[in-house]
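The values are calculated or read from the model by the stated rules, or taken from the named source; none is laboratory data. For clarity, every value in this text was computed on a predicted model and none was experimentally measured. Positions of Cβ are generated from backbone atoms using ideal geometry, with glycine treated the same way; all protein chains shown enter the neighbour counts.
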Amino acid sequence: VNSAKIEIRGANFCYAAHVDCGLIGQTGQLTREVVRGNRAAIVTDSNIPPPLVDAVATSLAAAGFHVMRILVPPGENSKSLREVERVCGEMSTLDRTSIVVGVGGGVVGDLSGFVAAVFHRGIPHVQIPTTLLAMVDSSIGGKTAVNLISGKNLVGVFHHPSLVIADVEALKTLPARELRQGYAEIVKHAIIRDAGMFRELQSANITDWTPLIRRNIEIKATIVSADARDISGERALLNFGHTVGHAIERVSDFRIPHGDCVSLGIVAACEISLKRAGLPTSQRDEVIALLRRLDLPTRLPPNISREKIADAVSRDKKFEGGEVRFVVTPRIGQAYISREVTIADLREAIAVL
Ligand SMILES: NC(=O)c1ccc[n+]([C@@H]2O[C@H](COP(=O)([O-])OP(=O)(O)OC[C@H]3O[C@@H](n4cnc5c(N)ncnc54)[C@H](O)[C@@H]3O)[C@@H](O)[C@H]2O)c1
Ligand SMILES: [Zn+2]
């Protein structure tokens, strides 16, 4: 197998992400290189094209795995403890030498990763992301979680995958709306770390996904490796655009998809960066133009209350103790955590959204 791989390495984990066109057929081989055991549970949702799942199953079988398939309903609601119990129940004939292979977007990735983390106190997890968001963001970093009624991702553990296989061909069937969700995180990565990628996104139409996805995985991998358990603050840079974004998500009752909320959150973060980090106005305008070009929203829909968003932001758990820690960008390609941002700044930025 000769696809260039990206190593994701930390104090107590090391795994590879492979990104290429047509990689699915190599799933069995790639998996064999990193895990032992001979049973594999494929977890997927019913929107994932069956031929893609078949190809994963066939390849695993050819590499000597006994394969079982577990289907979950598509959508965020599948990230629940009820679903964890059901999936684990279906795996009752498996033992701790088995592996879990998640084939799908972030929902399948988070759920299957959590199952892999807790089944027999932890078995290997292989991530096969099939959405742009999962390829550039959720499959990397080892965070797994399910939701409670009271909030998203409240029950989870760190459990790094043993392997990530991103076959860019899977994106061919992804609806435009879902592609957009991934773009929001890509623009975020560009603003916090990679001015060159920002320029490329401005000028080029994406015809080859492979280099773009690799670059994004590298960015997330670098940040995550520096701060695997979200402690030193490095990983907090990935929250750029997310403070206001999460507030919009909650106030809209999750009707506005995550990437769209992040896009709006990025606009707000740029507005605040003008004032608190010296971001040039021209660069703020370039960010807005790029988001528009990618079909991402840059203005709040009129029917949503700015007041409620501002209230939701002030209640954010990251602001407990009165100190606001907010990720700002002084110029495209750089970001840092500022303690100078005030709740009033946030209200102001939300008011002009
Ligand atoms: N663990 C992390 O670090 C992390 C990071 C970011 C987001 N997340 C989580 O990721 C989730 C969102 O992930 P997502 O945006 O991938 O959503 P998703 O998994 O719900 O996928 C979006 C939609 O696309 C469908 N789909 C997936 N692949 C397809 C394909 N190739 N062709 C056609 N349809 C396809 C899915 O069935 C679903 O309907 C959220 O639950 C979020 O909390 C986790
Ligand atoms: Zn996000």
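Has the stretch 315-338 got any residue that is among the β-branched types (Val, Ile, Thr) and farther than 24 Å from residue 201 by Cβ?
Within the stretch 315-338 (the criterion being among the β-branched types (Val, Ile, Thr) and farther than 24 Å from residue 201 by Cβ), the answer is yes, since at least one residue qualifies.
Restricting to the stretch 1-50, give me the number of residues that are more than 20 Å from residue 172 (Cα to Cα), in a helix (DSSP H, G or I) and of a type in the set (A, V, I, L, M).
The total comes to 2.
Restricting the search to the stretch 36-48, which residues are surrounded by 13 or more Cβ atoms within 10 Å (Cβ to Cβ) and modelled with pLDDT of 95 or more?
Scanning the stretch 36-48 gives 39, 40, 41, 42, 43, 44, 45, 47, 48.
Do we have any residue at all in the stretch 153-163 that's within 16 Å of ligand 2 (Cβ to nearest atom) and over 23 Å from residue 35 (Cβ atoms)?
Looking through the stretch 153-163, at least one residue is within 16 Å of ligand 2 (Cβ to nearest atom) and over 23 Å from residue 35 (Cβ atoms).
Quick check on the stretch 170-208: of everything there that is assigned to a helix (DSSP H, G or I), surrounded by fewer than 16 Cβ atoms within 10 Å (Cβ to Cβ) and not basic (Lys, Arg), which residue is nearest to ligand 2 (Cβ to nearest atom)?
Within the stretch 170-208, the match that is nearest to ligand 2 (Cβ to nearest atom) is 176.
Search the stretch 58-88 for residues being among the basic types (Lys, Arg) and not in a helix (DSSP H, G or I), and hand back the single one that is surrounded by the fewest Cβ atoms within 10 Å (Cβ to Cβ).
Of everything passing the filter in the stretch 58-88, 69 is surrounded by the fewest Cβ atoms within 10 Å (Cβ to Cβ).
Scan the stretch 177-197 for residues that are away from ligand 1 (no atom under 11 Å from the Cβ), touching a residue at least 60 places away in the same chain (Cβ under 8 Å) and of a type in the set (A, V, I, L, M, F, W, C) and jot them down.
187, 190, 191, 192, 195
For the stretch 198-223, how many residues are of a type outside the set (Asp, Glu) and under 16 Å from the mean Cα position of the chain (by Cα)?
Residues flagged as of a type outside the set (Asp, Glu) and under 16 Å from the mean Cα position of the chain (by Cα) within the stretch 198-223 amount to 11.
Return the pair list, or none, for Cβ contacts closer than 9 Å from residues in the stretch 94-106 that are over 14 Å from residue 126 (Cα atoms) to residues that are modelled with pLDDT under 95, at least 6 apart or on different chains.
That search, which allows pairs on different chains as well, returns 95/37; 96/37.
Out of the stretch 21-35, which residues are surrounded by fewer than 21 Cβ atoms within 10 Å (Cβ to Cβ) and touching a Pro at 6+ places or on another chain (Cβ under 9 Å)?
34, 35
Report yes if residue 271 is of a type in the set (Asp, Glu) and closer than 21 Å to residue 258 by Cα, otherwise no.
It is true that residue 271 is of a type in the set (Asp, Glu) and closer than 21 Å to residue 258 by Cα.
Suppose we filter the stretch 224-233 for residues that are surrounded by fewer than 20 Cβ atoms within 10 Å (Cβ to Cβ) and either under 14 Å from the mean Cα position of the chain (by Cα) or part of a helix (DSSP H, G or I) (or both); how many remain?
Residues meeting the conditions: 2.
How many residues does the stretch 89-120 contain that are more than 10 Å from ligand 1 (Cβ to nearest atom), within 24 Å of the chain's Cα centre (by Cα) and in a helix (DSSP H, G or I)?
Total satisfying the criteria: 6.
Tally time: how many residues in the stretch 230-255 are of a type in the set (Lys, Arg) and without any contact (Cβ under 8 Å) to a residue 12 or more places away in the chain?
Of the residues in the stretch 230-255, 1 are of a type in the set (Lys, Arg) and without any contact (Cβ under 8 Å) to a residue 12 or more places away in the chain.
Checking residue 226 against (1) among the aliphatic types (A, V, I, L, M); (2) touching a Lys or Arg at 6+ places or on another chain (Cβ under 6 Å); (3) free of Cβ contacts under 8 Å to residues at least 40 places away in the same chain, which single condition isn't satisfied?
Failed condition: (2).
Taking the stretch 153-169 only, how many residues are farther than 30 Å from residue 30 by Cα and buried (at least 17 other Cβ atoms within 10 Å of the Cβ)?
Residues meeting the conditions: 0.
State yes or no: is residue 237 surrounded by fewer than 23 Cβ atoms within 10 Å (Cβ to Cβ), closer than 17 Å to residue 180 by Cα and touching a Phe, Trp or Tyr at 6+ places or on another chain (Cβ under 8 Å)?
No, not satisfied.
Report yes if residue 141 is part of a loop (DSSP other than H, G, I, E, B), touching a residue at least 60 places away in the same chain (Cβ under 8 Å), within 9 Å of ligand 1 (Cβ to nearest atom) and not charged (D, E, K, R), otherwise no.
For residue 141, the condition - part of a loop (DSSP other than H, G, I, E, B), touching a residue at least 60 places away in the same chain (Cβ under 8 Å), within 9 Å of ligand 1 (Cβ to nearest atom) and not charged (D, E, K, R) - is met.
Counting only residues that are crowded, with 24+ Cβ neighbours inside 10 Å and more than 17 Å from residue 221 (Cβ to Cβ), which one in the stretch 108-125 is farthest from ligand 2 (Cβ to nearest atom)?
123
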